[in-house]
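The values are calculated or read from the model by the stated rules, or taken from the named source; none is laboratory data. Quantities reported herein were computed from a predicted structural model and do not represent experimental measurements. Neighbour counts are summed over all protein chains in view; Cβ atoms, including those assigned to glycine, are modelled from backbone coordinates with ideal geometry. Protein only, heavy atoms only, side chains kept; ligands, DNA and RNA dropped before computing areas. Shrake-Rupley method; radii C 1.70, N 1.55, O 1.52, S 1.80 Å.
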Amino acid sequence: MPLENQNEAVRPNFTTREHQPAHQQLVDDGLTEDQVARMLASLWTLANNANKARWDERQDQVQELCQREEEDEEQRNQALRDEEEAARLEERKKNKNKYAPFA
């Protein structure tokens, strides 16, 4: 799985020395220099499109997970507030005279 955003990837120049072994193998198989460059670029584009789809899916999963964690945290905070309010009400109920308004 790609670790970098594949939407920002730049297609390499397949006529450079770095790609010479793959390039030469295809030339030896009977393709022209131009065909080889176009084929390697097409293969790179297909692979990059698949990587982009995986990247986008992973980003969606991360976003969903973060949203769920935020919602869970909010629920925990609300439950804590509810417990505190219930304890306060129980305290008032136990000590009615302490909290009675002055007349």
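Some notes on this structure:
- Here L3 meets each of (1) among the aliphatic types (A, V, I, L, M); (2) open to solvent by 100 Å² or more (accessible area, probe 1.4 Å); (3) more than 17 Å from the chain's Cα centre (by Cα) with one exception, condition (3).
- Selection from the stretch 57-73 of residues that are open to solvent by 70 Å² or more (accessible area, probe 1.4 Å) and either outside any helix (DSSP H, G or I) or closer than 24 Å to Q6 by Cβ (or both): E57, R58, Q59, D60, Q61, Q63, E64, L65, Q67
- Counted residues, the stretch 37-52 - those being of a type in the set (A, V, I, L, M), open to solvent by less than 80 Å² (accessible area, probe 1.4 Å) and within 22 Å of the chain's Cα centre (by Cα): 2
- Restricting the first member to the stretch 1-28 and to residues that are closer than 22 Å to D56 by Cα and assigned to a helix (DSSP H, G or I), and the second to residues that are of a type outside the set (G, A, S) and open to solvent by 40 Å² or more (accessible area, probe 1.4 Å), the beta-carbon pairs closer than 9 Å and six or more apart or on different chains are Q6/N49; Q6/K52; Q6/R54; Q6/W55; Q6/D56; N7/K52; N7/W55; N7/D56.
- Positions within the stretch 6-27 being out of contact with any Pro (no Cβ under 8 Å at 6 or more places or on another chain), open to solvent by 90 Å² or more (accessible area, probe 1.4 Å) and not polar (S, T, N, Q), in sequence order: E8, V10, R11, R17, P21
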